[in-house]
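These notes are about the structure you will find just below.
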Amino acid sequence: MDDESFHHVPVLLDRVVELLAAVPDGRFVDATLGGGGHAAAVLAAHPGLELLGIDRDEAALAAAAVRLAPFSDRTQLVRASAGDLLEVVGDHPPVHRSTNRKGVSAVLLDLGVSSPQLDHADRGFSYRSAGPLDMRMDRSQGFTADDVVNHYDYAALARIIRDNSDERFASRIARAIVAARPIEDSAHLARVVRDAIPAAARRTGGHPAKRTFQAIRMEVNAELDQLAAALDDAVALLQPGGRLAVLAYHSLEDRMVKDRFADAASGGCECPVGLPCVCGAEPTVRLLRRGAWKASAEEVAVNRRAESVRLRAVERLGEPA
Ligand SMILES: C[S@@+](CC[C@H](N)C(=O)[O-])C[C@H]1O[C@@H](n2cnc3c(N)ncnc32)[C@H](O)[C@@H]1O
């Protein structure tokens, strides 16, 4: 896939650039590189950064290589998982001798799928077109949506649909999926899910299969486990003054980001609010904003993906090395 056919509009681009352009010279790890839209803008704004771009999807990396060609002298691209951040960073030292090796200056996580992953029916992510029951971001992985849809038992299916998507009708949908097996493709799955939801409830909240598809996708790609590991690794990797920015599009993911950031910013302190800390907790980061940044109405009008975004960011504390 070339840059032309990989069309993904980066969300909250100016805010992300503003946050990451303020970091010290050194390594910038974009662990969900996609088409490289955010990464290119950050590199353009900060000449002292060297990029390690990571994605699980080889099509995204190919598109990013084209987009990032003007910065090829300070860019490395790697197919890997954000959940393995510590190892991946350790295994890929900076290309420039002059790049600060003491720690990472910036980490970006822009979660979920890219527009091209949704748009290409052969990836199986979309409930709007007929494609294989696939949904893997990393197509070298064996486990696919077919394993979930056609092989999970009723209880496991109902649990992942409920837990990953707050779907009210998770039990009915799981029962309908089991009864309809074998489910042939994504269009068949979308019909089964739609028919399992009471007609009155289908009229609100977008496409009736949207939440179930999201839940299955999160299971196939172990997205919550990946995020938990990536957040811990990213905070550990940052050098003092380094920043981590995370764009989440799902309430479960945003809650995880919010809780982990709050924990790192308090050092796990559980002393009563308003009283001095006596437990010796050591904060590792400071929050760059108490709440999350959201997209403006203008941005949402031109990019629907921006509607649910929550951006949170922290800065690593400590004396510069
Ligand atoms: C929303 S897109 C990123 C778009 C990018 N910021 C841009 O401006 O083009 C998310 C990308 O992250 C990748 N991804 C999601 N979870 C990942 C993970 N755990 N490890 C590596 N890549 C991941 C997906 O394959 C997808 O290409």
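The values are calculated or read from the model by the stated rules, or taken from the named source; none is laboratory data. All of these numbers come straight from a predicted model, not from anything done at the bench. All Cβ positions, glycine included, derive from the backbone under ideal geometry; neighbour counts span all protein chains shown.
Scanning the stretch 190-244 for residues that are within 15 Å of the ligand (Cβ to nearest atom) and basic (Lys, Arg) gives a single hit, 217. Restricting the first member to the stretch 206-223 and to residues that are on the phi > 0 side of the Ramachandran plot, and the second to residues that are of a type in the set (Phe, Trp, Tyr) and outside any helix (DSSP H, G or I), the beta-carbon pairs closer than 9 Å and six or more apart or on different chains are 222/143.
Does the stretch 193-200 contain at least one residue that is surrounded by 23 or more Cβ atoms within 10 Å (Cβ to Cβ), over 14 Å from the mean Cα position of the chain (by Cα) and not assigned by TED's automatic domain parsing to the domain that holds residue 150? No, the conditions are met nowhere in the stretch 193-200.
Name the residues in the stretch 34-84 that are aliphatic (A, V, I, L, M) and within 9 Å of the ligand (Cβ to nearest atom), would you?
Matches in the stretch 34-84: 39, 40, 41, 54, 59, 60, 61, 63, 64, 80, 82.
In the stretch 81-90, is there at least one residue being surrounded by 20 or more Cβ atoms within 10 Å (Cβ to Cβ) and in contact with a Ser or Thr (Cβ under 9 Å, 6 or more places away or on another chain)? Scanning the stretch 81-90 turns up at least one residue that is surrounded by 20 or more Cβ atoms within 10 Å (Cβ to Cβ) and in contact with a Ser or Thr (Cβ under 9 Å, 6 or more places away or on another chain). Residues in the stretch 104-121 that are under 19 Å from residue 80 (Cβ atoms) and in a loop (DSSP other than H, G, I, E, B): 111, 112, 113, 114. In the stretch 122-131 there is no residue that is farther than 26 Å from residue 180 by Cα and part of a loop (DSSP other than H, G, I, E, B). Taken together, 247, 231 contain a single residue that is closer than 30 Å to residue 157 by Cα and not in a helix (DSSP H, G or I), which is 247.
Each row is one residue, and each column tells you yes or no for (1) within 20 Å of the chain's Cα centre (by Cα); (2) free of Cβ contacts under 8 Å to residues at least 12 places away in the same chain; (3) in the same structural domain as residue 205 (by TED's automatic domain parsing).
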site	(1), (2), (3)
125	yes, no, no
134	yes, no, no
146	no, no, yes
160	yes, no, yes
164	yes, no, yes
173	no, no, yes
176	no, no, yes
